[in-house]
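Heads up, the thing below is written out as structure tokens.
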Amino acid sequence: MKNFDQLCCEKCWHTPQNPCEHFIQCCTEGPLCHSDEKCRIEISSLRKRLRYEEHELPIIIIGMGTCGLASGAGKVKEAIQEELKKLNIEAIVESTGCIGYCAVEPIVDVKLPGEDRVSYCEIIPKIVPKFLHTVLVEKKIFKEKLLGTHGKTNHDARNINEIPFFEFQRKIVLSNCGVINPDSIDTYLAYGGFKAFDRVVRLMKPEEVIKEISISGLRGRGGGGFPTGKKWELAHKQTADQKYLICNADEGDPGAFMDRSLLESDPFRVIEGMMIAAYAIGASQAYIYCRAEYPLAIEKLQNAINLCERYGILGNNILNTGFSLHIKIKKGAGAFVCGEETALIASIEGKRGMPRPRPPYPVQAGLWGKPTVINNVETFANVPPIIMMGGQEFAKIGTDKSKGTKVFALSGNVKNTGLVEVPMGTTLADVVFKIGGGIPNGKEFKAVQIGGPSGGCIPEHLIDTPVDYESLKEIGAMMGSGGFVVMDEDTCMVDVAKYFLTFIQQESCGKCVPCREGTKRMLEIIERIPQRYSSGKDKNEQLLRFKGMIHLQRLADVIKDTSLCGLGQSAPNPVLSGLRYFREEYEEHLYDRRCSAGVCKELLTFTIDNEKCTGCGICLRKCSVEAIVGEKGQAHYILDEKCIKCGMCVENCRFEAINVN
Ligand SMILES: Cc1cc2nc3c(=O)[nH]c(=O)nc-3n(C[C@H](O)[C@H](O)[C@H](O)COP(=O)(O)O)c2cc1C
Ligand code: SF4
Ligand code: SF4
């Protein structure tokens, strides 16, 4: 028996066309209907093989998520296969998704028969021969690149969960990521997949499912934090000939990659969450709205949907339960506003993705005017574990009002970038320093940008703030979908505000004037702050710089209060949080014409230190605008009015004689 869609013996009659309603239970616990010892051994041994617990050949498992592939996992796989041939060793080479530790990809696991699975990091093709020789021929731990074991700690290797990056995490949503093969429905079943759906569809009424989700306290992970149970209940109560379910995998926030990684690494989990939601609200058609820029996620999802259909786990009359569900993928063109639920619905309907006023809310009149529930990828991924552990148990994790865990995409100036899952209430400091390993290159921590363009920058004195919906709102940021960008002392907060405003301004759909025009005016004000007003420039601009700053707060309030959708309503947040926590930096730019982070080029001054300058003349020759003067062998000078701040001189001076401030 190679997989679960084969019959164990002639007594087993399950086929997708004539399904046995106990199929899932049979795969995960069976056989059920007959007590044939041979079948029991066969099914249980298949489960063990799929979980890599029972095997005769060595198994090599390569992390092939987008991060792994970007770090060269494809080439590593080729090198491994070639080396295996050279060594004349037979081994099974499998792939998995991302375990979250993106900073140390490519990650390769080795599982020898009867031993623990061991993870190695930063495996590049060059070291593959030495690596394979050590682990397969000498049968030793390759200590140079060891990450940890997935089993017992011993003197050669510690358990992977004892590494600081994993130690402080609690994996519920990501528990399968980087562990299972995302292309294999059999593996998902072997790890207990679809058990939650099985329980729901056979033993629970839709109202009971909704109650369990409500008890769990699960709130939408798409940013707003609306109670999921309540949303489902509202949809359940609607009467309609057709209801729809949508999975929001648009993930437009810059700095966010949680949903992509989850879909690539564990697509069946999201599908199972959707199946439970569809059963609870009474939907028979579902869509996954995923941006076309996520080709790997789309490929994995489509493969997972196809496999579910083949196994009779999706489609009409699923496993003879009377419940039907069809899932289609809708590719989005990657517009940030299409993540907004009403715009997303318009986009699926084939119209331009533009928000519309609510009410009516999608649960009342959504896709093609029918009751529709939209939930985020991570929200759905939380559902199967809630059913399995029970709402009450889930509600014990997290804080009073924010239950469970939150997945963050940790990036920026932090040592351990990647995907982290922490219980709600974990402090920002713990994420940055304990999990993230702190700031690289001996630099100082400056801020955390959380919540994407709708969020804000949190300064050092608030680093002990717990991550939950309320605490973050209180300090002027937002949970958002989970972008977590760490910034060091070399980050200019005016520049950060400019970046987010530029993004927002470009992504505004243009439907309402305050968002379309207001964000443009706001960006102009921010852009004027770091500009230099040399003799060539319009002097009026200098006046406009001060005038703009005076009107900034009022402009922000108007945009917030009068925009139709969340994009406009949160557009001023990056600027407002910047002004709230980094006012001195804004004032320094405005009045002193200085950017102490050294980012705003036009405000920089380049000078040559006479003591250090040897008069070699390299900078003079490299300067494209003849802004440097000096005699050979004597100190050189930079003419500030000619200097275009390109930094060529600094790059080329071998005596570190040029100061920038
Ligand atoms: C401009 C804008 C972009 C959004 N982008 C996303 C997104 O990419 N993914 C997402 O799940 N929710 C996004 N949302 C929130 C959704 O509109 C919606 O609230 C969410 O999908 C509901 O799911 P949840 O209750 O599970 O959070 C966005 C909202 C706005 C205003
Ligand atoms: S707030 Fe902006 S993005 Fe939203 S509808 Fe209005 S113009 Fe479009
Ligand atoms: S390159 Fe450096 S040392 Fe040489 S002239 Fe320029 S500033 Fe002086």
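Cross-link partners of LYS330 among aspartates and glutamates, defined as those whose alpha carbon lies under 17 angstrom from its own and excluding same-chain residues fewer than eight positions apart: ASP250, GLU251, ASP259, GLU264, GLU293, GLU299, GLU340, GLU341, GLU349.
Nearest 0.05, what FRET efficiency do TRP368 and GLN553 give at R0 = 35 Å with Cβ-Cβ as r?
On the way: r = 42 Å, r/R0 = 1.21.
That gives a FRET efficiency of 0.25.
Once the C-beta distance of GLU541 and VAL513 is scaled by a Förster radius of 30 Å, the resulting FRET efficiency is 0.75 to the nearest 0.05. Restricting attention to segment 416-518, lysine pairs at least eight places apart or on different chains and with alpha-carbon atoms under 24 angstrom apart total 8.
Regarding segment 213-289, what is the average projected area of its C-alpha convex hull, in nm²? Could you put the intermediate results ahead of the total?
On the way: hull surface 22.1 nm².
If you wrap the Cα atoms of segment 213-289 in a convex hull and average its projections, you get 5.5 nm².
The DSSP beta bridges internal to segment 42-118 are antiparallel in roughly 55% of cases.
Cross-link list LYS85/LYS300; LYS406/LYS560; LYS231/LYS403; LYS77/LYS143; LYS300/LYS401: which exceed 23 angstrom alpha carbon to alpha carbon?
Numbers: LYS85/LYS300 29 Å; LYS406/LYS560 27 Å; LYS231/LYS403 16 Å; LYS77/LYS143 20 Å; LYS300/LYS401 34 Å.
Too far apart for the 23 Å limit: LYS85/LYS300; LYS406/LYS560; LYS300/LYS401.
Charging the Cβ of each Asp and Glu at -1 and of each Lys and Arg at +1, and nothing else, the dipole of segment 319-417 about its Cα centre rounds to 240 debye.
Between the C-alpha center of segment 469-488 and that of segment 28-79 there is a gap of 38 Å.
For the chain, the residue among ILE345, ILE141, HIS155 whose Cα projects farthest onto the positive side of the dipole built from Cβ charges is ILE345. What a 1.4 Å probe finds exposed on segment 437-507 is 46% carbon and sulfur by accessible area, rounded to a whole percent. Leaving out same-chain residues fewer than 8 places away, which lysines sit with a Cα under 16 Å from that of LYS539? Cross-link targets: LYS547. Placing dummy labels 7 Å off each Cα toward the beta-carbon, the span from GLU651 to GLU37 is 7.6 nm. Between the listed residues VAL467, MET493, CYS509, the Cα displaced farthest toward the positive end of the dipole of segment 453-543, a dipole computed from Cβ unit charges relative to the Cα centre, is found at CYS509.
When both bridge partners sit in the chain, DSSP labels roughly 55% of those beta bridges antiparallel. Placing VAL431, VAL485 in order of accessible area, with the largest value first and a 1.4 Å probe, yields VAL485, VAL431.
Suppose R0 equals 30 Å. What FRET efficiency, 1/(1 + (r/R0)^6) with r the Cβ-Cβ distance, do ASN303 and ASN18 give to the nearest 0.05? Before the final figure, lay out each step's value.
Numbers: r = 25 Å, r/R0 = 0.82.
Step by step, r from the Cβ atoms, then E = 0.75.
Each Lys and Arg Cβ is given +1 and each Asp and Glu Cβ -1; about its Cα centre, segment 2-98 then shows a dipole of about 220 debye.
Quickly rank 605-616, 252-263 as a protection proxy: mean count of other C-beta atoms within 10 Å, highest first.
On the way: 605-616: 15.2, 252-263: 24.9.
For the peptides 605-616, 252-263, the packing ranking is 252-263, 605-616.
Quick one: which of 370-382, 23-35, 179-191 comes out on top by average Cβ neighbours within 10 Å, and what's the full order, highest first? Spell out each step's value before the answer.
On the way: 370-382: 26.5, 23-35: 18.5, 179-191: 22.6.
Ranked from most to least packed, the peptides come out as 370-382, 179-191, 23-35.
Taking the Cα centre as origin and putting +1 on Lys and Arg beta-carbons and -1 on Asp and Glu beta-carbons, what dipole magnitude results for the chain, to the nearest 20 debye?
On the way: 82 positive and 83 negative charges, 213 e Å.
Taking the Cα centre of the chain as origin, the dipole is about 1020 debye.
Computed from backbone phi with θ = phi - 60° and the Karplus coefficients 6.51, -1.76 and 1.60, the 3J(HN,Hα) list for segment 163-170 is 6, x, 4, 9, 4, 9, 8, 10 Hz; x is used for glycine and proline.
The values are calculated or read from the model by the stated rules, or taken from the named source; none is laboratory data. Note that this is a predicted model, so its numbers are computed, not measured. Note that we place each Cβ from the backbone using ideal geometry, even for glycine, and neighbour counts take in every protein chain shown. Side chains included, ligands, DNA and RNA excluded: accessible areas come from the protein's heavy atoms. Shrake-Rupley method; radii C 1.70, N 1.55, O 1.52, S 1.80 Å.
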